[in-house]
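Down below is the structure, laid out as structure tokens.
The values are calculated or read from the model by the stated rules, or taken from the named source; none is laboratory data. These numbers were taken from a predicted model, which means no experiment stands behind them. Virtual Cβ from ideal backbone geometry, glycine too; neighbours counted across all protein chains shown. We work out accessible area using only protein heavy atoms, side chains counted, and drop any ligands, DNA or RNA first. Shrake-Rupley method; radii C 1.70, N 1.55, O 1.52, S 1.80 Å.
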Amino acid sequence: MLVMIVGTNRPGSNTRKVARQIEEIYGVLGVALHVLDLAQMPSEIFSPSSYGEKPQAFAPFAQAVLRADGLVVVTPEYNGGMPGILKYFIDMLKFPESFQARPVCFVGLAAGLWGALRPVEQLQSIFGYRNAHVYPERVFLPRINELLDGEGRLADPEILKRLKAQADGFIEFVERLKGVNLRKWKQSSPGA
């Protein structure tokens, strides 16, 4: 199972709009994504006591990460970095097992010219520290407000091609590293 983390809790975010399209791309490739939308995190997780004992309502988030064969992180850039909610989410997960030897890939989006290069690099550093397997093909979506059409969808064929290529490559990366078959229609060879 692959898990996609929508890295913001901002209502009506462009990140969630892009994440929906990424979910569709993986679906076309025969791989379902379990979506963890940080806007859905339980309010109890923000109590200072959560550093000691996580509230039961947070368990589905933590368990999804622990069960994931790989993670797709979609992050916006806020003030030159990742959203605070995304870093807080990472901090609330079990250490070290949440990311240890877990494949991860990144999609960044921003209103500016660099398409969330800074937060993706920050995340790569964190996930590297946590001994995750970082997939090297990142996708950056600069000037996101110009890339989304009136329906909130990406229409640029080059961007969609890059997202599909990343998804296809990441699926193969996860399958090889974890020895799993993620694609629904992929058949094992006879005699295997």
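Pairs under 7 Å by beta carbon, first residue touching a residue at least 24 places away in the same chain (Cβ under 8 Å) in region 90-102, partner β-branched (Val, Ile, Thr), six or more apart or different chains? Taking only residues 6 or more apart or on different chains, the pairs are Ile90/Ile126; Met92/Ile45; Leu93/Val65; Ser98/Val65. Just for region 69-80: of the residues that are of a type outside the set (S, T, N, Q) and open to solvent by 10 Å² or more (accessible area, probe 1.4 Å), which one is farthest from the chain's Cα centre (by Cα)? For region 69-80, the residue satisfying everything is Gly80.
Considering only residues in region 110-121 that are open to solvent by 70 Å² or more (accessible area, probe 1.4 Å) and not aliphatic (A, V, I, L, M), the one that is farthest from Thr15 (Cα to Cα) turns out to be Glu121. Criterion applied to Gly152, Gly169 was being part of a loop (DSSP other than H, G, I, E, B), open to solvent by less than 40 Å² (accessible area, probe 1.4 Å) and at pLDDT 95 or above, and the one residue passing it is Gly152. Entry remark, region 4-27: residues being open to solvent by 10 Å² or more (accessible area, probe 1.4 Å), in contact with a Leu (Cβ under 6 Å, 6 or more places away or on another chain) and assigned to a loop (DSSP other than H, G, I, E, B) number 1 in total.
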